[in-house]
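Notes follow the structure.
The values are calculated or read from the model by the stated rules, or taken from the named source; none is laboratory data. Bear in mind that the values here come from a model prediction, so they are computed numbers and not experimental data. Here Cβ is always computed from backbone atoms with ideal geometry, including for glycine, and neighbour counts include all displayed protein chains. These accessible areas exclude ligands, DNA and RNA; they are computed on the full protein's heavy atoms, side chains included. Shrake-Rupley method; radii C 1.70, N 1.55, O 1.52, S 1.80 Å.
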Amino acid sequence: MPSRTLPPPPPPPHLRTWPDRQTLLADRGSALGELRRRHLGMHRLLLLWLYGVGGVIGWALLTQPIKFIDDKDPSVFLLAPVLAVAGLAALAPSVIGVVLGIRRDRRIRELTDAWLALDSHPASDARLRSPGLSLFWLLSSLALCALGLWASFAAAAYAEPGRETYTDVALGMGTGLILWLTGLLGAAKAAGHYRWALRKLGPSRTAPRAAHR
């Protein structure tokens, strides 16, 4: 299966050709396992953090022209456009990546629900809860939120006139905000998965069995 391609949705009822239930469950389990990995895999968390790093780098480049202005450096007219373009070049892919990631997660959820609706197999479906992974997503994201809040408040609270420039304050607060937003996205994803698991995989869940032919 190509690394960038999600499993296809289950075929419509009139095109289903599974010879028996065990074959259906095997295909269903394979698709659900792959969708679970694409949704909560460690590579997705690392990719989210990478977007956060890209956002911090982009913000740092965008704030540098303010420093040149504070220092009355004449090179600002030459360097400011270069730094602005470089900052946007680092920041834009992170924003686009986050937006595409949210859309991809929505598609993964739709596919997961479609495959779950085919049949019910509690023994294998329980793995979809992923309590360990979702807890790691939540705790690491909350830690990142705390780091971002500390960075933002520290930049503003400990700024000393004459020693801290507007660039330093803007850089610290902007960096903290980006870290906080990155952590918030991760925590929201973990909480959303937990709510989904309670709704779809609860003890009272029953799913209709598909008709085979």
Worksheet entry | Cβ-placed point charges (K, R +1; D, E -1), dipole of the chain about Cα centre in debye, nearest 20 | 1360 debye
Worksheet item: How much accessible surface does Arg109 have with a 1.4 Å probe, in Å² rounded to 10?
Response: 50 Å²
Worksheet item: How big is the accessible area of Val95 in square angstrom, nearest 10, if you roll a 1.4 angstrom probe over the protein chains?
Response: 80 Å²
Fill in: Between region 166-183 and region 8-59, the Cα center-to-center distance that results, in Å
33 Å
Worksheet item: Carbon and sulfur: what percent of the chain's accessible surface (1.4 Å probe)?
Response: 70 percent
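Under a point-charge model restricted to the Cβ atoms of Lys and Arg (+1) and Asp and Glu (-1), what is the dipole moment magnitude of region 113-193 relative to its Cα centre, in debye to the nearest 20? Working shown, then result.
Details: 4 positive and 6 negative charges, 27 e Å.
Computed charge dipole of region 113-193: roughly 120 debye.
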Worksheet, complete the sentence: In the list [x] 1.24; [y] 1.39; [z] 0.96, the entry giving Cα Rg over 2.2 N^0.38 Å computed from the coordinates is [y]
Worksheet item: Using the heavy atoms of the protein chains alone and a 1.4 angstrom probe, what is the accessible area of the chain per residue in square angstrom?
Response: 59 Å²
